[in-house]
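Working notes for the structure below.
The values are calculated or read from the model by the stated rules, or taken from the named source; none is laboratory data. Remember, it's a predicted structure, so these values are computed and weren't measured experimentally. Because the Cβ atoms are built from the backbone with ideal geometry, glycine has one as well, and the counts that use them run over all protein chains shown.
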Amino acid sequence: MIEQARDDLLVKVEGLRTWFPVRGCLFRKRYVRAVDGVSLSIPRGKTLAVVGESGSGKTTLGRTILGLIQPVDGKVFFDGIDIFSLSRRQMRRLRRRMQIIFQDPVSSLNPRMIVGSIIAEPLKVHHICSTRRERNKRVAELLLRVGLEPSHAARYPHEFSGGQRQRIGIARALASEPDFIVCDEPVSALDVSIQAQILNLLKDLQNEYNLTYVLIAHNLAVVEHFADIVAVMYLGKIVELADRDELYSNPVHPYTASLLSAVPRPEPNRKRTHVVLTGEMPSPINPPPGCAFHPRCPLTRRIAAGLSADETTEVISQGERIKVMKRCVEVSPLLEPMVDNPHHYHACHFKKA
Ligand SMILES: Nc1ncnc2c1ncn2[C@@H]1O[C@H](COP(=O)(O)OP(=O)(O)OP(=O)(O)O)[C@@H](O)[C@H]1O
Ligand SMILES: [Mg+2]
């Protein structure tokens, strides 16, 4: 299915770098490299999931793709348009087609506005309905579409449950009739029983309106039944990118393997090696040299244990001295396609053919 759609790309990202200057460094400018050289593309009507630990740069990537943050380098093409070459006016017009759903439905809805006004706002901004009556009708339709009642328009956000509030956020995003929505951890703040309902709603809406999604999540369990393509992010970079089934059945990067081993499996007989990561993700201000994952990588340690001294080196990780492959510390691995699958990309020196 993805094969056919691959030519019809809605979003294309090339060499994106979003760095934030660190305040207080007067003499030597330092940066948080939140997104550091990301390239990807998303076929129309499909979902790209972006998965990684907290601080890996997922939200920054999503917001940069939407043109809400200016990158220091790289390009974003939306339906063939280079969005950072647009004037403010052109960008405002394009914005109607690109929306965002936030993680926290409480703080993303203005508590002083009634729900009807919250959903009507994009209709006003983008001049979608000319009269108040049309607007009210549209708000009622949107509320029904996301599983709420038209009468809810008169209520305030605090009068709803978490799941209902997320439905309001979805209705607001849908109001401008977008083609593309960045869903930034849309279910992380919700009860497990509600998560599936919201994900199902997003899936139904995608089928109905041919929406293209970026779905941001912390773990691979949330996106397993939803994503078409999965990008695994670590410290501002994509370390593995593949179609969903391929990534879950044949993870190549040790970081992906560690995220996957945390996903509960219904088949007890299926073999899966359990990979436990040690330590925390390093700071994106001063990332480790070479492969940024090397201080936590179980693979480089395992392989280095059997190699001679001239192929290995010692590094300090979490206060412990560990032996790793020299190459992992010296050379940053590029995100490259696998030899036997040109649609499966990974950035690791230990390439599985
Ligand atoms: N406006 C900003 N100014 C400075 N640093 C920022 C800014 N926004 C994000 N960062 C930094 O960029 C890095 C990536 O942040 P980002 O919010 O994109 O990560 P994330 O993967 O979405 O994390 P989480 O899963 O916790 O939401 C972090 O180190 C963060 O502190
Ligand atoms: Mg985030």
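Observations, loosely collected:
- Test: Val222 is under 25 Å from Val35 (Cβ atoms), out of contact with any Lys or Arg (no Cβ under 7 Å at 6 or more places or on another chain) and in a loop (DSSP other than H, G, I, E, B): no
- Across the range 126-152, the number of residues qualifying as small (Gly, Ala, Ser) and either within 22 Å of Asp104 (Cβ to Cβ) or under 30 Å from the mean Cα position of the chain (by Cα) (or both) comes to 1.
- The one condition in (1) assigned to a loop (DSSP other than H, G, I, E, B); (2) within 23 Å of Cys129 (Cα to Cα) that Leu190 fails to fulfil: (2)
- Selection within the range 200-218 - in a helix (DSSP H, G or I) and at pLDDT below 95: none
Here's the yes/no breakdown for (1) under 19 Å from Gly279 (Cα atoms); (2) free of Cβ contacts under 8 Å to residues at least 12 places away in the same chain; (3) surrounded by 14 or more Cβ atoms within 10 Å (Cβ to Cβ):
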position	(1), (2), (3)
Pro295	yes, no, yes
Ile303	no, no, yes
Val324	yes, no, yes
Val331	no, no, no
Leu334	no, no, no
Asp340	no, no, no
His343	no, no, yes
His346	no, no, yes
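- Pair list, Cβ under 9 Å, 6 or more apart: the range 66-85 residue more than 12 Å from Val11 (Cβ to Cβ), other residue among the hydroxyl-bearing types (Ser, Thr, Tyr) and assigned to a strand (DSSP E or B): Ile69/Thr18; Gln70/Thr18; Pro71/Thr18; Val72/Thr18; Val72/Tyr31; Asp73/Thr18; Gly74/Thr18; Gly74/Ser39
Residue-by-condition table, conditions (1) at pLDDT below 95; (2) hydrophobic (A, V, I, L, M, F, W, C):
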{"position": "Val22", "(1), (2)": "yes, yes"}
{"position": "Phe27", "(1), (2)": "yes, yes"}
{"position": "Arg30", "(1), (2)": "yes, no"}
{"position": "Gly45", "(1), (2)": "no, no"}
{"position": "Leu66", "(1), (2)": "no, yes"}
{"position": "Ile69", "(1), (2)": "no, yes"}
{"position": "Val72", "(1), (2)": "no, yes"}
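- Scan of the range 225-245 for residues that are within 12 Å of ligand 1 (Cβ to nearest atom) and outside any strand (DSSP E or B), ordered by number: Leu235, Gly236
- Selection within the range 225-250 - within 16 Å of ligand 2 (Cβ to nearest atom) and under 22 Å from Gln206 (Cα atoms): Ala231
- Those strands (runs of 3 or more DSSP E) of the range 1-106 in which 3 or more residues are within 11 Å of ligand 1 (Cβ to nearest atom) occupy 9-21, 31-43.
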